[in-house]
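Down below is the structure, laid out as C-alpha cells.
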Amino acid sequence: MTSGIKSISCGKHCSQTRRRLGFVLGAGCPLGIYDAAGEASLKYIPDVAGLTAAIATSLESEPEYVASWTKLVAACTSERVPKPNVEHVLTQLRTICALKGASAVDGMTSDHLRGLDAQICGLIATAVGKSLPGHTTAYHRFAAWVGHIDLISAVEIYTPNYDLLVEEALEAYSVPFFDGFVGSREPFFDLASMEQDILPPRWARLWKLHGSIKIRRKDDSIFRCHPAAQGEQLLIYPSHLKYEQSRRLPYLAMIDRLRAFFRETNSVLVICGYSFGDDHLNEIFWMAFVETAPPIVLR
C-alpha cells in the first residue's frame, strides 16, 4: 500500500498558500497525546480494537446483553473479517433491526437489540468522550497553526475518530470550522451547504468519516447534540449505507468530500496516526494514487 505513496517535505508544501491542504487524523493521534513533560504517551483514547475489547469487557456485567454481543460477533466473523470490531457489530445489529419484524431471531427481539445498541453507544461515548488535558498537546499546536495559516482554500480535516478532541482544540483557539451541520439548538445536517461550499477559506472543514459522539438520530432526522436524550441513537458509521429521501446521509457525503479532495489541483494530504486498517478508506486513497497521484505526506 505505501509503496505507491509519494513522500514530500511537509513543512515546505504546507506553507505554500496556493496549495489545497487536507489532513487525515487517525486513531494514533489521541493515542499519541503525551504528558506535560512530553515524555510518556498517555494513550488517551483507545483505537477501535481497544474500544471493542473494552466494550466486550463492560458487557460481561450485563448478562441480558453479553450473549447477544457474542452472537453478533460470531455472525460478523469471516475469513475476510477474522476479528470483527464494534463498527461491524453495530452494522450487523442495525441491519437486523431494520429487516426483521416483531418476531425474535436467534432469541433476539428488536427491542432487545435496540437496548443493546444504546448500551454499546453509551460505552463508546464514555470511552471517547474525554476532553483534552490541561497542558498543550499536538492538537492545540495543530489548531493554532490552522488558525494562523493564510490559504486561498479552506483546510480540510478528515478523521474516522468518534472523539471531540479536534473540535475542542479548534474552539480553544477560536478557529471557525464547518462540519456539515447548521443551527444552534439542535444543528441539523445540511447537504446543500456542504456541496456548495461557499464559506470563507478561513473556515476549516471538519469531516467525521465514521461519525461522532455528537451526531445523533431521532426518528428520521439527523442532528448534532451532546449529550444524548432518551431515545436518541448515537450515529456510528458505516451503519446506514443507503439513500434516504434522496439525500445522502452524512457518512456518504463526507466520504464524497474526501474523494473530491483528490480531484483538486495542487492538493497535499497529510496522513497522521492512520494505520491503513480501514478498507473503504484505503480504496479511496488507492484510487487517488492510481488516477491522480497527488502528493501525499506520511508522518
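The values are calculated or read from the model by the stated rules, or taken from the named source; none is laboratory data. None of the values given here were measured: they were computed from a predicted structure. When we count neighbours, we look across all protein chains shown, and the Cβ atoms used for this are built from the backbone with ideal geometry, even at glycine.
One table, with the values for the structure above:
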quantity: Long-range neighbours under 7 Å by Cβ, at least six apart or interchain, first residue closer than 18 Å to residue 86 by Cβ and part of a strand (DSSP E or B) within the stretch 211-231, second among the aromatic types (Phe, Trp, Tyr) and at pLDDT below 75; calculated: 211/237
quantity: Selected residue (only one of 175, 155, 166 is over 18 Å from the mean Cα position of the chain (by Cα), within 29 Å of residue 28 (Cα to Cα) and surrounded by 14 or more Cβ atoms within 10 Å (Cβ to Cβ)); calculated: 175
quantity: Top-ranked residue in the stretch 128-138 [being buried (at least 19 other Cβ atoms within 10 Å of the Cβ) and within 28 Å of residue 233 (Cβ to Cβ); ranked as modelled with the highest pLDDT]; calculated: 132
quantity: Test result for residue 252, modelled with pLDDT of 80 or more, in a helix (DSSP H, G or I) and either farther than 16 Å from residue 159 by Cα or in contact with a helix residue (DSSP H, G or I) (Cβ under 7 Å, 6 or more places away or on another chain) (or both); calculated: no
quantity: Pair list, Cβ under 7 Å, 6 or more apart: the stretch 257-279 residue assigned by TED's automatic domain parsing to the domain that holds residue 27 and part of a helix (DSSP H, G or I), other residue modelled with pLDDT under 85 and of a type in the set (Lys, Arg); calculated: none
quantity: The stretch 75-94 - residue that is over 20 Å from the mean Cα position of the chain (by Cα) and closer than 19 Å to residue 107 by Cβ and, of those, surrounded by the fewest Cβ atoms within 10 Å (Cβ to Cβ); calculated: 77
quantity: Residues located in the stretch 182-202, provided they are surrounded by 20 or more Cβ atoms within 10 Å (Cβ to Cβ) and closer than 24 Å to residue 128 by Cα; calculated: 189
